[in-house]
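Remarks on the structure that follows.
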Amino acid sequence: MCDTCGCNVTDANRHLIEAGGRHAKTESGSEAVTVLQNLLSENDREAAHNREHFDRHGVLAINLMSSPGSGKTALLEASIDALKSEFRIAVIEGDLETENDAARVRAKGVPAVQITTGTACHLDAHMVHQGLHKLDLDTIDILFIENVGNLVCPASFDLGQHLNVTLLSVTEGDDKPAKYPVIFRAADLMLVTKCDLLQVLGDFEPARAEHHLRHLASEAPMLPLSARSGENLDAWFSWLRQAVAEQAARIARGETARPSIQPEGAQLHAHTHP
Amino acid sequence: MHELAVCQALMDQVAAVAVREAAQRVTAVTLQIGDLSGVEPQLLQDAWPIASAGSLAAGAALRIETVPLRVRCLACGGETDASPNRLVCGDCGSFRTTLISGEELMLKNVELERAATGDAA
Ligand SMILES: Nc1nc2c(ncn2[C@@H]2O[C@H](COP(=O)(O)OP(=O)(O)OP(=O)(O)O)[C@@H](O)[C@H]2O)c(=O)[nH]1
Ligand SMILES: [Mg+2]
Ligand SMILES: [Zn+2]
Ligand SMILES: [Zn+2]
């Protein structure tokens, strides 16, 4: 989003600028100034800056989102074990408190920066910017950003990532995409985690979770897997390999990518400034 | 909740407008919030007095217009109403749709009182 090219103008508000111009008198005699600016435009600017950093250094940045305890860090640990010799991996960890997750990742032998957000229930682009300058981006192929465990707030803040991966663990129930549409709609990939527990639970239907995801007008693939048993992790690794290859191809063409679900305005933006 | 962070970003924008327009006081602020913006209007209302306290906008009314969800179908071209967890085409049922409106998180306008300039205009 930006505020100079008109990409904030949607069908819902276009008439405001076409009809009355920017200034108008109100009934009480005070002056009404039309602004039409995205409330998070400052965050979005910083996110675009982060994305430039990533692209300039050939980094693929992936934002992992889920509720607390869905298995984000466990998936990272398993992925690092399997892919450490193939890709240079680093992690930015977002948590309200503690260095625990960064310590778990470092124990796997890859760099990790912990961001403790204190009271903020999400990462924002400024926090990630501080984190990325603590990493040597030239030595990184994939940067995972593990967001604060929360199914609501992280979805509103662009961090500069290229792709969003949303995790849903089987113990949370298969209706979560219907209950938290904003975050699941933002997913480029939905991972159904802890599938080793499917047998024990008995009432989580992956097909039902996918059905709810499709109702969000999402064509994102859904992958069931288990970091514990290793089941289907290969499919996740293949997805990652493909994403790394696509990022390299985009950089060679001088292009970038944002997570697939974009507001109308942002698509317009991409057209006007190729 | 992230509504306080959103409200602080709003306050920064309102303050910038007030300075640019040489306003003495901000009397009202109007937002457009879509059903899929990820922001709860009531939580914004609750956060607004905290975010605006001690500023030119202290005491200003916060008006929130909600924007309905509309989708355009990539299969049949139809434009229909939708709900946050049902964004499929209302005409043909296809899930290949794009959002026309409903993601807005927008500062629409700011009502303000200007400093007297002395001009008799
Ligand atoms: N059975 C099973 N348990 C798992 C799996 N993955 C993670 N867990 C367990 O789930 C709990 C939470 O896992 P984490 O990886 O810490 O989850 P997280 O999403 O990183 O948690 P936060 O960062 O606190 O939001 C731990 O006890 C893990 O051992 C899995 O595939 N199967
Ligand atoms: Mg974790
Ligand atoms: Zn920088
Ligand atoms: Zn249709």
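Exactly one residue out of A:SER156, A:SER218, A:SER169 is under 30 Å from B:ALA75 (Cα atoms) and touching a residue at least 60 places away in the same chain (Cβ under 8 Å): that is A:SER156.
The rows are residues; the columns are (1) more than 15 Å from B:LEU105 (Cβ to Cβ); (2) open to solvent by less than 10 Å² (accessible area, probe 1.4 Å); (3) at the interface with chain A (Cβ under 7 Å from one of its Cβ atoms); (4) within 15 Å of the chain's Cα centre (by Cα).
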site	(1), (2), (3), (4)
B:VAL6	no, yes, yes, yes
B:LEU10	no, yes, yes, yes
B:ALA16	yes, no, no, no
B:ALA23	yes, no, no, no
B:THR27	yes, no, yes, no
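Of the residues making up region A:44-71, those that are part of a helix (DSSP H, G or I) and either open to solvent by 10 Å² or more (accessible area, probe 1.4 Å) or more than 18 Å from A:GLU146 (Cα to Cα) (or both) are A:ASP44, A:ARG45, A:GLU46, A:ALA48, A:HIS49, A:ARG51, A:GLU52, A:HIS53, A:ASP55, A:ARG56. Counting the residues of region A:201-251 that are away from chain B (no Cβ under 14 Å), of a type in the set (A, V, I, L, M, F, W, C) and assigned to a helix (DSSP H, G or I) gives 14. Residues that are open to solvent by 20 Å² or more (accessible area, probe 1.4 Å) and not in a helix (DSSP H, G or I) within region A:120-149 comprise A:ALA120, A:ASP124, A:HIS133, A:LYS134, A:LEU135, A:ASP136, A:ASP141, A:GLY149, listed in sequence order. Inside region A:120-133, residues that are within 16 Å of ligand 1 (Cβ to nearest atom), within 14 Å of chain B (Cβ to nearest Cβ) and out of contact with any Phe, Trp or Tyr (no Cβ under 6 Å at 6 or more places or on another chain) make up a count of 4.
Of the residues examined, A:THR73 is not one that is among the hydroxyl-bearing types (Ser, Thr, Tyr), over 20 Å from A:LEU159 (Cβ atoms) and within 13 Å of ligand 2 (Cβ to nearest atom).
What residue, among those in region A:76-119 that are of a type outside the set (Ser, Thr, Tyr), within 14 Å of another protein chain (Cβ to nearest Cβ) and within 16 Å of ligand 2 (Cβ to nearest atom), is nearest to A:SER156 (Cα to Cα)? Among those that are of a type outside the set (Ser, Thr, Tyr), within 14 Å of another protein chain (Cβ to nearest Cβ) and within 16 Å of ligand 2 (Cβ to nearest atom), it is A:GLY94.
Residues are listed down the side, and each one gets a yes or a no for (1) more than 10 Å from ligand 1 (Cβ to nearest atom); (2) surrounded by 16 or more Cβ atoms within 10 Å (Cβ to Cβ):
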| site | (1), (2) |
| --- | --- |
| A:LEU159 | yes, yes |
| A:CYS195 | no, yes |
| A:LEU213 | yes, yes |
| A:ASN232 | yes, no |
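Here is the figure for region B:29-59: residues that are surrounded by fewer than 19 Cβ atoms within 10 Å (Cβ to Cβ), away from chain A (no Cβ under 13 Å) and polar (S, T, N, Q) total 3. When A:ALA90, A:ALA74, A:ALA48, A:ALA32 are checked against the criterion of being away from ligand 1 (no atom under 16 Å from the Cβ) and within 19 Å of A:THR166 (Cα to Cα), a single residue qualifies: A:ALA90.
The values are calculated or read from the model by the stated rules, or taken from the named source; none is laboratory data. Since this is a predicted model, take the numbers as computed values, not measurements. We place every Cβ from the backbone using ideal geometry, glycine too, and count neighbours over all the protein chains shown. In case anyone asks, the SASA skips ligands and DNA or RNA and just uses the protein heavy atoms, side chains included. Shrake-Rupley method; radii C 1.70, N 1.55, O 1.52, S 1.80 Å.
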